[in-house]
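J.: Handing you this structure, nothing more for now.
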Amino acid sequence: MMNKSTHNIEQQGENYYLIPKTSHTNTVIFLHGLGDCGQSYIDFFQESDIVSATTKVVLITAPVRPVTINFGMQLNSWFDFKNFDVNEQNFQQAIGIDEMIQSSQQLIQILNQEVNILQGQSQKVFIGGFSQGACMSLKVGLEFDQKLGGILAFSGFLFPVYNEHENNKNTPILISHGTQDPLLAWAKCEISYNKLKQSSHPLQFEIIQDLQHSFNMKSYTAFRNFFNKYK
């Protein structure tokens, strides 16, 4: 179990790293949602048993960008959200494609850094996120050229356009979503996962009754159990 006595907190710009004080056996990269930041997830990990005392946690903060759906307000955002119509036909009109690509490139660099720190043990690296962060985790995790331990997506959706790398065609994926999500309705987001359902990925769906666009104890439990299974 991680807690304040097992990890040091290091800050680099707006990014935060929870570093194990003893041995370092695996790494979780977790990406926040729209308008949030990496720092806000420190307690999420530090005050729970989601990951272990030997897990490094990497909390990256997205760049500040104008967000169309928020009337152009400058927010931490992995990509512009123009509307929440995330189906394949309207995809290029719904989000900022160039920003999505820029964020993907940044996150690929971070994945490579963390794999190198673990001396090439890429299967000890996990990537996950919430909302926008879930979308980016799925895209980057599937496209990364080294085998990852797993991908965790909370309250997000799968972009219809991604280039899945051969090395991650069998990577385990956790998809967790609330049935009462008012922003990214599960009925629409579920459709985005149809391609994955036909793949060879070990898929775990945790569809949580009455949950809105947030986490609850069932989300925590799903995270912990998935990570413990594949770490």
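FYI, it's all coordinate maths here, none of it is from the lab. Please read all numbers here as calculations on a predicted model, not as lab measurements. All Cβ positions, glycine included, derive from the backbone under ideal geometry; neighbour counts span all protein chains shown.
J.: Using only the alpha-carbon atoms, how far is helix 97-117 inclined from the longest principal axis of the chain? Give it as 0 to 90 degrees, nearest 10.
T.: Around 10 degrees separate the two axes.
J.: Considering the Cα positions of segment 8-66, please state its Rg to one decimal place and its Dmax as a whole number of Å.
T.: Final numbers for Rg and Dmax: 11.7, 41 Å.
J.: Springs between alpha-carbon pairs under 10 angstrom, Gaussian network model over the chain: which of L118, L158, L142 fluctuates most?
T.: The residue that fluctuates most here is L118.
J.: I've got another one for you. Hey, which of these cross-link pairs are over 21 Å Cα-Cα: K139/K169; K124/K195; K169/K231; K82/K188; K21/K124; K56/K147?
T.: Numbers: K139/K169 12 Å; K124/K195 26 Å; K169/K231 18 Å; K82/K188 16 Å; K21/K124 18 Å; K56/K147 18 Å.
Check vs 21 Å cut-off fails for K124/K195.
J.: Moving on. Using just the helices of the chain, give the 222 nm mean residue ellipticity in deg cm²/dmol: DSSP H runs with n ≥ 4 each add -39,500 (n - 2.57), and the total is spread over all residues, rounded to 500.
T.: Numbers: 7 runs with 67 residues, N = 231.
Helices in the chain give a 222 nm mean residue ellipticity of -8500 deg cm²/dmol.
J.: Residues in segment 94-132, backbone N under 13 Å from the label point at T68 (7 Å along the Cα-to-beta-carbon vector): list them, ranges by number please.
T.: So the set is 94-100.
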